[in-house]
Amino acid sequence: MLDSGNGGDILFRQAEPSDEETVRRWLSAPHVTRWTHRIFSTISGALDGGSSDPASTLYILEFAGGEIGCAHVYSAYGDPNWTAIPDVTAQTRAVDFLIGETDFLNRQIGQAMLRSLAGKIFKETDADRIVACPHPDNWPAVIALKRAGFREKGRHPIPTMNAMYLTVARQTFKG
C-alpha cells in the first residue's frame with residue numbers, strides 16, 4: 001500500500017500529443033466509463049486543445065515508473081457546469097481525475113494523488129479553492145477526495161449532473 005500521506009513518489013507532467021492514445025484508452029476502460037458523467041468532455045477537450053481556458057492543464061500521473069492516470073485542472077469560474085455554485089470565484093479551480101491502469105486501483109494512490117495535486121495547485125496558482133464533482137455512487141473517488149482534505153458540500157445543484165460537490169479551500173488545506 002502507498003503511504004497516503006506521502007505524495008513524493010507521484011509525479012505530474014503536462015500531457016503531450018503523444019499521450020492521446022493512452023488517455024483515450026483510459027477514458028474507455030470499464031472502471032472509468034462506469035462513473036463518468038462529464039469527465040469525458042473535459043479531459044477530451046483538454047486533450048484536443050479545445051479549451052480556451054488559460055488555466056486548463058491536463059496532467060499525466062506518473063507512479064512506480066509508469067503512467068497510470070491523468071488529472072484535468074481548469075477554471076471553474078464561467079464554466080456552465082459550475083455557475084450554479086455560489087462560492088465559485090475567478091480563482092476557483094476544478095479537477096477531473098482518473099486512474100486508468102487497473103493494477104493501481106484500491107491502493108490509496110487516488111488520495112495521495114489528489115493531496116499532491118491540490119498542493120501543486122495551491123503552490124503554483126492563485127487558486128482560492130478546488131472543486132470536484134464525482135458521481136455520488138463512485139465511493140472510491142468520494143473517499144479519495146475526502147481523505148485528501150476535500151469537504152462534501154452536498155449534491156451538485158444541477159440535477160442532470162447527478163454528482164456530489166466537494167471542495168477544499170486554500171485556508172483549510174493541510175497538504
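Miscellaneous remarks
- Calculated accessible area for segment 80-175 comes out at 47 Å² per residue, all protein chains present (probe 1.4 Å; ligands, DNA, RNA ignored).
- Estimated FRET transfer efficiency (ARG155, GLU21; beta-carbon r; R0 45 Å; 0.05): 0.80
- Seen from ILE143, the other residues with C-beta closer than 14 Å to its C-beta sum to a net charge of +3, counting Lys and Arg as +1 and Asp and Glu as -1.
- When each of the peptides 141-149, 16-24 is scored by how many other beta carbons lie within 10 Å of its residues on average, the order from highest to lowest is 141-149, 16-24.
The values are calculated or read from the model by the stated rules, or taken from the named source; none is laboratory data. Given the structure is predicted, the values throughout are model-derived calculations rather than measurements. All Cβ positions, even for glycine, are placed from backbone atoms using ideal geometry, and neighbour counts span all protein chains on display. Side chains included, ligands, DNA and RNA excluded: accessible areas come from the protein's heavy atoms. Shrake-Rupley method; radii C 1.70, N 1.55, O 1.52, S 1.80 Å.
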